[in-house]
1. Which FRET efficiency, nearest 0.05, do residue 31 and residue 141 yield, Cβ-Cβ r, R0 45 Å?
2. Taking neighbour counts of Cβ atoms within 10 Å as a proxy for exposure, in what order, fewest first, do 66, 26 appear?
3. At 0.36 nm per residue, minus the direct Cα-Cα distance, what do residue 5 and residue 63 gain on full extension? Give it in nm, one decimal, please.
4. Quick one: check the C-alpha center-to-center distance for the range 50-67 versus the range 1-25, whole angstrom.
5. Taking the number of other C-beta atoms within 10 Å as the exposure measure, put 27, 140 in order starting with the fewest.
6. If each residue's Cβ is checked for other Cβ atoms within 10 Å, how do 25, 168 rank with the fewest at the top?
7. So, R0 is 41 Å and r is the distance between the beta-carbons of residue 119 and residue 52; what FRET efficiency does that work out to, to 0.05?
8. Counting C-alpha atoms alone, how compact is the range 118-173: give Rg to one decimal and Dmax as a whole number, in angstrom.
């Protein structure tokens, strides 16, 4: 439930389109049997860039008597700083959250063993056989763009054709 996703960026330019998205949201909400969970991401990667997300305007339109938490949208230079709170003005806590101890640190350093180095990425050519940790063995069918934004289209017999950003894909040549 994020602005530019729901409602979509395109729907915000037209009042009828925005109303259609609002109607779709209403239909989805009213189909819930006992409980409904709505969520949004504070940040997300879009096209390889980290962006700040804003909660959907539709969340404010929900009747407060049917929700466990109140929402307030704030447009600030520091997105979401104290944006959400319970009515008692305590910070919103996720009752399903686990201690952070089970999480492992992820490096974004290209010299790290978990990421392909630039020279490894530059070695990948059309027709190469590769292995991906999730999709398995595949064949590179297309390459687009320059490093660090090189995209590869890879055909995986087990998963079909996928387009991957090489700096994140962790492909290994066979």
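1. On the way: r = 40 Å, r/R0 = 0.89.
Efficiency at R0 = 45 Å is approximately 0.65.
2. In order of increasing Cβ crowding within 10 Å: 66, 26.
3. Working: separation 58, 0.36 × 58 = 20.88 nm, distance 2.16 nm.
Stretched out fully, the residue 5 to residue 63 stretch lengthens by 18.7 nm.
4. Comparing the Cα centres of the range 50-67 and the range 1-25, I get a distance of 13 Å.
5. Working: 27 9, 140 20.
Listed from fewest to most nearby Cβ atoms, that is 27, 140.
6. Neighbour counts put them in this order, fewest first: 168, 25.
7. On the way: r = 33 Å, r/R0 = 0.81.
Approximately 0.80, to the nearest 0.05.
8. 9.9, 28
Taken together, the values in this text are just the output of simple stated rules run on the coordinates, not laboratory data. Source: prediction; values computed, not measured. FYI the Cβ positions are ideal-geometry reconstructions off the backbone, even for glycines, and counts take in every protein chain you see.
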